[in-house]
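Working notes, beginning with the structure itself.
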Amino acid sequence: MSHVADEIASQPECWRRAMTLTPEGLPEPGERVAVVGCGTSLYIAQAYAALRESAGLGETDAFAASEFPVSRRYDRIVAITRSGTTTEVLMALDQSADLGIPRVAITGDLSTPISSSADHVIDLGFADEKSVVQTRFATTCLVLLRAHLGLVPTDLSEQAQRALLTPLPERATEAVQFTFLGTGWTVGLAHEAALKLREASGSWTESYPAMEYRHGPVSVTGPESTVWFFGEPPTGLLDQVLATGASTSVSSLDPLADLVRAQRLAVELAEGRGLDPDQPRNLTRSIILDRP
């Protein structure tokens, strides 16, 4: 079994543990917050930002770390980095320090430069991973952040366990094109699901806010497609997708638990194509660049 398959299966326990943590340094209600990350961490940042702002807890923006707007004033910056070594994240934190902005980082490895680049560092080492492909670190991070907002179902880890056993969407393993759709905070999950399939299996994947799907992307959908909704589909959209002949996925699970099913699909597709899901082509565990 691949490392990533083991790590996917360990998520219920990781989530239970994250829900008990009471870390220091996370944003207080009313603060204006920037959340930064790269790749998977960016999509988790997007989900958290949408959740926090929609709950009325304060303006919250998510940025790719390389695009952090240094000139914009925030009350706090939250950085998400599994490795603790990603160059763009470290640079964003250094830039915010020059502005006197309080910084908190969430990481899987305290023995890295991130520990000296933030005022508070939250250790999720128990969710760190051997695989290049991120699964449990990212989802555990979002569980931690949702719990801090008071927006996590008490049975979320049990839902994750069900997601490990729930069948994958019909015809999904035979599909040649995948579209993931979300609304609000689940747009970030849709982007992450698409990235997982791209990384692990080299699949043709796309992701959009669900209502944007009608504005062009639906044109690529057909009988060899799978369209996956995170959360309830907008009124009328599911019928439009079914009319294309595509297979669909609509789950009653919490959207984050449903992401576990998409992770499983990524591994199954990779293995079916003779690929190593732990070692995606052209990727490394962390992106470390020469700093200017």
Describe numerically, in nm with one decimal, the distance between label points set 7 Å from Cα along Cα→Cβ at SER54 and at GLU224. 3.4
Gap in Å between the Cα centre of the stretch 1-79 and the Cα centre of the stretch 254-277? 22
Which translational diffusion coefficient, to the nearest whole µm²/s, is obtained for the stretch 1-123 from the Stokes-Einstein equation, given a Kirkwood hydrodynamic radius over C-alpha pairs, 20 °C and 1.002 mPa s? 144
Would you tally the net charge around SER115, using a Cβ to Cβ cut-off of less than 10 Å, leaving SER115 out, and scoring K and R as +1, D and E as -1? -2
For the stretch 84-172, state what percent of all Cα-Cα pairs lands in each successive 10 Å bin, counting from 0 Å until the bin that includes the largest distance. 14, 36, 30, 15, 5, 0
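May I ask you to give the solvent-accessible area per residue for the chain, in square angstrom, as obtained with a 1.4 angstrom probe?
41
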At least 24 Å along the helix axis (C-alpha) and Kyte average at least -0.5, DSSP helices within the chain: 255-272
Give me the compactness ratio for the chain, meaning the Cα radius of gyration over 2.2 N^0.38 Å. 0.97
Would you calculate a helix-derived [θ] at 222 nm for the chain, using -39,500 (n - 2.57) for each DSSP H run of n ≥ 4 and dividing by the full residue count, to the nearest 500? -11500 deg cm²/dmol
Using a probe of 1.4 angstrom, how much of the accessible area of the stretch 187-289 is carbon and sulfur, in percent? 52
What is the local net charge at GLY231, summed over the other residues whose Cβ is closer than 11 Å to its Cβ (Lys, Arg +1; Asp, Glu -1)? -3
Give me the percent of accessible area attributable to carbon and sulfur for the stretch 57-177, probe 1.4 angstrom. 48
Proximal charge balance of VAL250 [Cβ under 10 Å; K/R count +1, D/E count -1]: -2
Let me know the Kirkwood hydrodynamic radius for the stretch 141-246, please, with Cα pairs as the basis and the value in Å to one decimal. 14.9
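I need to check one value: relative contact order of the chain, counting alpha carbon pairs closer than 8 Å and at least 6 residues apart, in percent.
Relative contact order for the chain comes out at 21 percent.
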Could you give each residue of the stretch 203-210 its phi-based ³J(HN,Hα) in whole Hz, using Karplus coefficients 6.51, -1.76, 1.60 with θ = phi - 60°, and x for Gly or Pro? 7, 7, 10, 9, 8, 8, x, 4
Can you pull the Rg over Rh of the stretch 136-185, Cα-only, Kirkwood? 1.06
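The values are calculated or read from the model by the stated rules, or taken from the named source; none is laboratory data. Nothing here was measured: the structure is a model prediction, and the numbers come from that model. All Cβ positions, even for glycine, are placed from backbone atoms using ideal geometry, and neighbour counts span all protein chains on display. What goes into the accessible areas is simple: the full protein's heavy atoms, side chains included, and nothing from ligands, DNA or RNA. Shrake-Rupley method; radii C 1.70, N 1.55, O 1.52, S 1.80 Å.
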